[in-house]
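What follows is a short report on a single structure.
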Amino acid sequence: MSGAGRLRPPSGKRDALTVADVRRRRTLTPAETALFVGCSLDVLYETIAAGRAPWPVLRLGRKILIPTAPLLDSLGLADVQEA
């Protein structure tokens, strides 16, 4: 199976976003969030639409953004230091 359909992080250099990558940003797109938490984009959109996302969701018109601080906190990664 080729990697053509795989979602890549914004940098395109790694197969996954690290905690350090996420900490450098104030918000993530739904695609970046799904990649980081390890779920499908469809599941994430369904969770957001149903109002069940465990973190705040910002809606700017049709654009959806997820703030990184509450995301990291909900995953228990707010104070984790990477080696």
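I'd like the residue in the range 67-83 that is in a loop (DSSP other than H, G, I, E, B) and not polar (S, T, N, Q) and, out of all such residues, is modelled with the lowest pLDDT.
Filtering the range 67-83 down to residues in a loop (DSSP other than H, G, I, E, B) leaves 75-83.
Retained after the next criterion (residues that are not polar (S, T, N, Q)): 75-80, 82-83.
Details: LEU75: 89, GLY76: 90, LEU77: 88, ALA78: 82, ASP79: 77, VAL80: 65, GLU82: 60, ALA83: 56.
Here the residue is ALA83.
Scan the range 40-66 for residues that are part of a loop (DSSP other than H, G, I, E, B) and among the aliphatic types (A, V, I, L, M) and jot them down. First the steps, then the outcome.
Taking the range 40-66 and keeping what is part of a loop (DSSP other than H, G, I, E, B), we get 40, 50-57, 61-62.
Within the range 40-66, ALA50, ALA53, VAL57 meet the criteria.
Of the residues in the range 17-39, how many are more than 14 Å from SER74 (Cβ to Cβ) and either touching a Phe, Trp or Tyr at 6+ places or on another chain (Cβ under 7 Å) or assigned to a helix (DSSP H, G or I) (or both)?
Qualifying residue count, the range 17-39: 9.
Conditions tested, residue by residue: (1) free of Cβ contacts under 8 Å to residues at least 40 places away in the same chain; (2) under 17 Å from THR29 (Cβ atoms); (3) in contact with a His (Cβ under 7 Å, 6 or more places away or on another chain); (4) surrounded by 14 or more Cβ atoms within 10 Å (Cβ to Cβ).
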position: LEU41; (1), (2), (3), (4): yes, yes, no, yes
position: ILE48; (1), (2), (3), (4): yes, yes, no, yes
position: ALA53; (1), (2), (3), (4): yes, yes, no, yes
position: VAL57; (1), (2), (3), (4): yes, yes, no, yes
position: ARG62; (1), (2), (3), (4): yes, yes, no, no
position: ILE66; (1), (2), (3), (4): yes, yes, no, yes
position: PRO70; (1), (2), (3), (4): yes, yes, no, yes
position: GLY76; (1), (2), (3), (4): yes, no, no, no
position: ASP79; (1), (2), (3), (4): yes, no, no, no
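The values are calculated or read from the model by the stated rules, or taken from the named source; none is laboratory data. Because the structure is predicted, anything quoted here is derived from the model rather than measured. Note: ideal-geometry Cβ built from the backbone for every residue, glycine included; neighbour counts use all protein chains shown.
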